[in-house]
Amino acid sequence: MAGEADSQEAEAEAAEQWGLVNTPLGEMWSGRTRYAAAMFFFKCGEMNAETLEVYRICARLDSENPLPIIRDRGVGKDWLKRMGYAL
């Protein structure tokens with residue numbers, strides 16, 4: 001029973017972080033919000049360090065979309081697919 005509750009909590013946390021990593025561009029503090037959520041996915045092993053670095057660079061740039069930068073650097077292809085971003 002406890003395992004099922006833990007699993008549900010983990011799924012809820014992942015869903016919340018997914019929403020945060022998709023925070024619309026241009027909103028105040030959105031870059032930092034996306035970076036914090038990206039850190040969650042990095043710690044879970046779902047994002048590589050090079051991809052996380054792009055989110056870090058874009059953290060103070062609320063209007064900057066990290067996805068084209070990730071694509072241009074040739075890192076995070078699995079992440080781009082997950083985000084539905086054309087390669």
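Values in this text are rule-based calculations from the coordinates and carry no lab data. The model shown is predicted, which means the values in this text are computed figures rather than measured ones. Every residue, glycine as well, gets a Cβ built from its backbone with ideal geometry; the counts of neighbours run over all protein chains shown.
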q = 0.12, 0.13 Å⁻¹: log10 I(q)/I(0) that the Debye formula gives for the chain, counting C-alpha atoms only: -0.36, -0.42
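Given Cα pairs under 8 Å that are at least 6 residues apart, what percent is the relative contact order of segment 13-60?
37 percent
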Theoretical ellipticity at 222 nm over the chain - DSSP helices of four or more residues, -39500 (n - 2.57) apiece, nearest 500: -20500 deg cm²/dmol
Binned Cα-Cα distance frequencies in segment 44-87 - 10 Å width, integer %: 31, 58, 11
Cut-off 12 Å between beta-carbons: net charge of the residues surrounding E27, Lys and Arg +1, Asp and Glu -1: +1
GNM flexibility winner over the chain from A49, A15, A37 (Cα, springs under 10 Å): A15
Of A15, T33, N65, farthest towards positive along the dipole that unit charges on Lys, Arg, Asp, Glu beta carbons give the chain: N65
Mean separation of Cα contacts under 8 Å, 6 or more apart, over the residue count of the chain: relative contact order %: 23 percent
Length released on extending from E9 to E46, taking residue separation times 0.36 nm less the Cα-Cα span: 11.6 nm
